[in-house]
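The values are calculated or read from the model by the stated rules, or taken from the named source; none is laboratory data. Bear in mind the structure is a predicted one, so any value in this text is a computation, not a measurement. FYI the Cβ positions are ideal-geometry reconstructions off the backbone, even for glycines, and counts take in every protein chain you see.
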Amino acid sequence: MIVDRPEKMNFVLDSLFNSGDVEAVISLYEPGAKLILDSGQEIVGLHAIREVYEDWLTLNGKMQSRTLYCTHLADIALLRTAWTISGTGSNGCSVEFHGDAIEVIRRQLNGSWRYAIDHISGAASVISS
């Protein structure tokens with residue numbers, strides 16, 4: 001699925017995540033993309049990002065996100081997104097994860113948009129001095 005406007009990025013991610021198709025989800029990321037987890041761990045490259053999504057998809061859950069902010073200049077866009085993943089843990093209990101993400105996406109040569117940087121809790125981070 002191609003994202004033809006930055007405002008559609010999270011709608012498409014939700015749809016692909018909810019389909020359970022990890023390859024389709026990964027197709028939304030640039031080859032050298034960076035995914036930053038809420039722990040601060042930086043995951044770089046499609047292979048490593050795929051492993052993270054494979055783990056998340058074991059929850060057989062649903063992702064729901066809402067773009068709170070989107071602005072772009074030329075081929076770069078910045079998004080702020082509130083997201084939730086609800087599913088079932090390996091122990092059979094319900095689990096829910098949520099966050100406020102900051103995402104940098106870039107227009108590709110074919111006109112589609114892909115994640116360059118996806119910080120899943122970037123909008124919630126507090127920097128102490």
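Structural remarks
- Considering residues of the range 36-73 that are touching a residue at least 60 places away in the same chain (Cβ under 8 Å) and not acidic (Asp, Glu) only, the residue nearest to GLY87 (Cα to Cα): LEU37
- In the range 53-69, the residue that is modelled with the highest pLDDT out of those that are surrounded by fewer than 17 Cβ atoms within 10 Å (Cβ to Cβ) and hydrophobic (A, V, I, L, M, F, W, C) is LEU68.
- Single residue of the range 1-15 satisfying the filter (within 13 Å of the chain's Cα centre (by Cα) and over 18 Å from LEU73 (Cα atoms)) that is surrounded by the most Cβ atoms within 10 Å (Cβ to Cβ): ASN10
- Members of the range 1-27 found to be β-branched (Val, Ile, Thr) and either in contact with a Lys or Arg (Cβ under 9 Å, 6 or more places away or on another chain) or touching a residue at least 60 places away in the same chain (Cβ under 8 Å) (or both), listed by number: ILE2, VAL3, VAL22, VAL25, ILE26
- Matching entry among HIS72, HIS47, HIS119 (being surrounded by fewer than 16 Cβ atoms within 10 Å (Cβ to Cβ) and of a type outside the set (S, T, N, Q)): HIS47
Yes/no per residue for (1) in contact with a strand residue (DSSP E or B) (Cβ under 6 Å, 6 or more places away or on another chain); (2) under 17 Å from LYS34 (Cα atoms):
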site: ARG50; (1), (2): no, yes
site: THR58; (1), (2): no, no
site: MET63; (1), (2): yes, no
site: HIS72; (1), (2): no, no
site: LEU78; (1), (2): yes, yes
site: SER86; (1), (2): yes, no
site: SER90; (1), (2): no, no
site: ALA101; (1), (2): yes, yes
